[in-house]
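Below is one structure, written out as structure tokens; the observations come after it.
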Amino acid sequence: MLVLALALMLGQAAGAVQPQQTSPLPGATPPTPTAPPAPAPPPGQSVVAPPPLGRVFASDHGIIFNAIRPDKVMDFEMVLAKLRDALANSKDPVRQQQGWGWKIYKQTEPGPNGSVLYVFVMDPAVKGADYGVAKILAEAYPTEIMELYRMYIGAFATAGQTLINLQPIPAPAIAGPGTTGLGNEGTTTPATPKSPNSQVP
């Protein structure tokens, strides 16, 4: 009876052990829970794999917020310098387009808990292009990516980035002669000055 009880206890303990998830590789998305295997397709039909997730914009403009730890600002800016070099020196025309429209701003006031906010402004954004920093760095620096990724991911003060798609609002139509645009309603265009020799009728 004792042997049987020990066997049952060992079996329950083994069933309670769950496999641990490994850290994602640079540029890869975190692993998701294992799903039941999909049924095999009928003969002669192929299965189309879903596209991988990334930092992709669905509009012509967008921004990405990055909250960075104050003690990791130097690490993050070193990674940004590598990112800019990678985009500038890339032979890929899509990466070149991304570099032309990718602007980086730094908040002057400290954020919560002293964090520093960096804002990526894509103006314009390349629709369908992946703006994942780790992926771009891996393409340009395959031998340095592990160290760059460690510096990059360890600099964030929050769980990650916030991506927002933006759509421009067109200027209002001109109301009438002499008006300009937004914020200038009622402002008239000054009259052309007359020459000294002209006479007032």
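What lysines does LYS72 reach when the alpha-carbon gap must be under 28 Å and sequence neighbours fewer than 8 apart in one chain are set aside?
LYS82, LYS103, LYS106, LYS135
Between HIS61 and THR158, what FRET efficiency follows from the Cβ-Cβ distance if R0 is 25 Å, with the result rounded to 0.05?
Computed FRET efficiency for HIS61 and THR158 comes out at 0.60.
Quick one: if the Förster radius is 22 Å, what FRET efficiency do MET151 and THR108 give, using the C-beta to C-beta distance and rounding to 0.05?
That gives a FRET efficiency of 0.40.
Binning every alpha carbon pair distance of segment 56-163 at 10 Å from zero, what are the percents per bin?
Reading the bins upward from 0: 15, 47, 33, 5, 0.
Read-outs throughout are calculated quantities, based only on the coordinates presented, and are distinct from any laboratory measurement. The structure displayed is predicted, hence computed values, not measured ones. Backbone-built Cβ (ideal geometry, glycine too); neighbour counts: all protein chains shown.
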